[in-house]
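> Got a structure here, written out as structure tokens. Questions coming.
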Amino acid sequence: MNKKILIVDDDPDIITYTTTVLEENDYKPVIAKNGEEGMNLIKSENPDLIILDVLMPKQSGIKIYRELKTADSYKNIPVIIQSGIAKRTFLRSQEALTEFGGENVPEPDAYLEKPVEPDELIDSIKKLI
Amino acid sequence: MPIKKILYVTEFEELWFDALQALMDLKQAGLNHVIFLHVIDRKEVAMQRGVGYLKSEEVKLKEIANVRFIDWAETLFEEGMEVGAHIVVGNQVPKIVSIAEDEDVDLIVMGHQKKGRIQELYHGSEIMEVIREVSKPVMVYKFLQESGNVNDKPFKRPMLAMDWSPSSMNAVSFLLSIKDIVEKVQVVHVIHHKRLETLKPVEVQKERKENRKKLDELCDRLQSEGIDAEPHLYVGNIIEQLEKAARERKASIIIGGSTGEEPLKKRILGSVPRELSEKSGFPTLFVS
């Protein structure tokens, strides 16, 4: 059975591009167009891997990532961050949230800064699932 | 009425990141989430004779906005803030209204720059449409003042324009929600000069006394809630006097109710918020 990959991104062009790359490599993409929808689909679809944008309406990828990695049911789902936001910023924001009293969260399994090449994405996925 | 989430509407003309940073005092009042919104005017990418829809222009304008928002977002993310962004094509007012409601923000911040007469009329009406259509407080932030200085502490010395309407009492609640960043509030009521024309001298004195008593009571309430407050009673043309009071009292912003004494906000917007939002040299914030 094809592995299910949830794409959480608000950019329709990125969704089309990523979906195409995944389908060409026999993965089954599931799409969420904002952070809130993403959280709902994580709960209902139980994906094998999540490709997560950071700067989105409703709920940012930073917050979603924190929710995932602090929830026993989801913390083992591999997450690839695919974003225009720099990795350094992502890590610093997580540090800031930890300092404000949150739990410590691990670094993402992979961090790809946009634009992402198809091979780069597929290689990262293959290392994780 | 905690201010946890704001919608920051920018055309990249009047409001940049420095103006947003000046609003970060609101973190002391609970702010932890900023949503950026840039609306690309449909006219900029609309169909033109022989050309059609300018898709490449839309992509270019979106990318420019995206690069700017990413840079702003990175700074806020690193401070532990939650950030979101919308870059959309369409008409400004309906987009602002729908996104403000959808994101359920606590405050909408818009810019306003004095422009040509025609643009002024058009842009002013956009601001008023937003105030009319949304149930959220709307701040028109004039970051760059006419003097050339910047107003980087807009909530430090607010002036509360009080007309005793339900919406202006809601403005009091708004002030209380940001009390930790308010140094002192000037509470101003203006008696319209035309109202006095029909009154006898003794009735004028009675009117003054009643309003002054209400102002004192309100200031006492604000003081008891932890905000230093000072009452002032003015007489004359309401718009002119509020502007004068704001200048005399060195106000950093004018805060008031958006509906005046009119209950039907959708149909009748108070003339005071309309005039002040469009013409005042001070930032304004109106609460419905």
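> Assuming B:Val172 fulfils every condition listed in (1) buried (at least 20 other Cβ atoms within 10 Å of the Cβ); (2) touching a residue at least 60 places away in the same chain (Cβ under 8 Å); (3) assigned to a helix (DSSP H, G or I) apart from one, which condition is it?
Unmet condition: (2).
> Go through the stretch A:1-24 and count every residue that is farther than 27 Å from B:Val67 by Cβ and open to solvent by 60 Å² or more (accessible area, probe 1.4 Å).
5
> Go through A:Ile15, A:Ile50, A:Ile31, A:Ile7 for me and flag whichever is part of a strand (DSSP E or B), over 18 Å from A:Lys75 (Cα atoms) and free of Cβ contacts under 8 Å to residues at least 60 places away in the same chain.
It is A:Ile31.
> Go through the stretch B:207-241 residue by residue and tally those that are farther than 18 Å from B:Arg157 by Cα and either outside the structural domain of B:Ile254 (by TED's automatic domain parsing) or in a strand (DSSP E or B) (or both).
Total satisfying the criteria: 3.
> Let me ask another. Checking A:Ser93 against (1) under 25 Å from B:Glu103 (Cα atoms); (2) assigned to a loop (DSSP other than H, G, I, E, B); (3) within 14 Å of chain B (Cβ to nearest Cβ); (4) not β-branched (Val, Ile, Thr), which single condition isn't satisfied?
With (1) under 25 Å from B:Glu103 (Cα atoms); (2) assigned to a loop (DSSP other than H, G, I, E, B); (3) within 14 Å of chain B (Cβ to nearest Cβ); (4) not β-branched (Val, Ile, Thr) applied to A:Ser93, the lone miss is (2).
> To continue, here is another question. Among the candidates B:Gln223, B:Gln186, which residue alone is polar (S, T, N, Q), touching a Pro at 6+ places or on another chain (Cβ under 9 Å), modelled with pLDDT of 90 or more and surrounded by 12 or more Cβ atoms within 10 Å (Cβ to Cβ)?
Criteria check complete, one pass: B:Gln186.
> List the number of the failed condition for A:Lys126; all other conditions in (1) farther than 25 Å from B:Leu7 by Cα; (2) within 12 Å of the chain's Cα centre (by Cα); (3) basic (Lys, Arg) hold.
It fails just one condition, (2).
> Checking B:Met81 against (1) crowded, with 20+ Cβ neighbours inside 10 Å; (2) more than 10 Å from chain A (Cβ to nearest Cβ), which single condition isn't satisfied?
Of (1) crowded, with 20+ Cβ neighbours inside 10 Å; (2) more than 10 Å from chain A (Cβ to nearest Cβ), only one is false for B:Met81: (2).
> Next question, about the same structure. Quick check on this structure: which one of A:Glu113, A:Glu107, A:Glu24 is of a type in the set (D, E, K, R) and within 14 Å of chain B (Cβ to nearest Cβ)?
Among A:Glu113, A:Glu107, A:Glu24, only A:Glu113 is of a type in the set (D, E, K, R) and within 14 Å of chain B (Cβ to nearest Cβ).
> Here is a further query. Would you mention how many residues in the stretch B:14-56 are more than 14 Å from chain A (Cβ to nearest Cβ) and at pLDDT below 85?
15
> Now a separate question. Checking B:Val67 against (1) open to solvent by less than 80 Å² (accessible area, probe 1.4 Å); (2) facing chain A (nearest Cβ under 10 Å), only one condition comes out false. Which one?
Every listed condition holds for B:Val67 apart from (1).
Table: residues versus (1) surrounded by 23 or more Cβ atoms within 10 Å (Cβ to Cβ); (2) within 24 Å of B:Gln241 (Cβ to Cβ).
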site	(1), (2)
B:Glu133	no, no
B:Pro137	yes, yes
B:Gly148	no, no
B:Arg157	no, yes
B:Asp163	no, yes
B:Ser177	no, no
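> Could I ask something else about it? Picking from A:Ile62, A:Ile81, A:Ile125, which residue would you name as being surrounded by 19 or more Cβ atoms within 10 Å (Cβ to Cβ) and not in a helix (DSSP H, G or I)?
On inspection, the qualifying residue turns out to be A:Ile81.
> Take the stretch B:127-151 and flag every residue that is out of contact with any Asp or Glu (no Cβ under 9 Å at 6 or more places or on another chain) and part of a strand (DSSP E or B).
Residues satisfying the conditions are B:Val138, B:Met139.
> For the stretch A:64-87, name all the residues that are in contact with a Leu (Cβ under 9 Å, 6 or more places away or on another chain), away from chain B (no Cβ under 14 Å) and farther than 20 Å from A:Pro118 by Cβ.
Passing the criteria: A:Leu68, A:Tyr74, A:Lys75, A:Ile77.
> Would you mind telling me which numbered condition in (1) open to solvent by 30 Å² or more (accessible area, probe 1.4 Å); (2) part of a strand (DSSP E or B) A:Glu67 fails?
For A:Glu67, the failing item is (2).
> Scan the stretch B:130-159 for residues that are among the β-branched types (Val, Ile, Thr), under 20 Å from B:Val182 (Cα atoms) and over 12 Å from the mean Cα position of the chain (by Cα) and jot them down.
If the condition is that a residue be among the β-branched types (Val, Ile, Thr), under 20 Å from B:Val182 (Cα atoms) and over 12 Å from the mean Cα position of the chain (by Cα), then B:Val150 is the only one that fits.
> May I pose another question? Got at least one residue in the stretch A:42-63 being in contact with a Lys or Arg (Cβ under 7 Å, 6 or more places away or on another chain), within 14 Å of chain B (Cβ to nearest Cβ) and not charged (D, E, K, R)?
Within the stretch A:42-63, not a single residue is in contact with a Lys or Arg (Cβ under 7 Å, 6 or more places away or on another chain), within 14 Å of chain B (Cβ to nearest Cβ) and not charged (D, E, K, R).
> With the condition kept exactly as written, say whether any residue in the stretch A:92-108 is touching a residue at least 24 places away in the same chain (Cβ under 8 Å) and within 12 Å of the chain's Cα centre (by Cα).
yes
The values are calculated or read from the model by the stated rules, or taken from the named source; none is laboratory data. What you are looking at is a predicted structure, and each value in this text was computed from that prediction instead of being measured. Here the Cβ is made from the backbone with ideal geometry for all residues, glycine too, and neighbour counts use every protein chain on show. We work out accessible area using only protein heavy atoms, side chains counted, and drop any ligands, DNA or RNA first. Shrake-Rupley method; radii C 1.70, N 1.55, O 1.52, S 1.80 Å.
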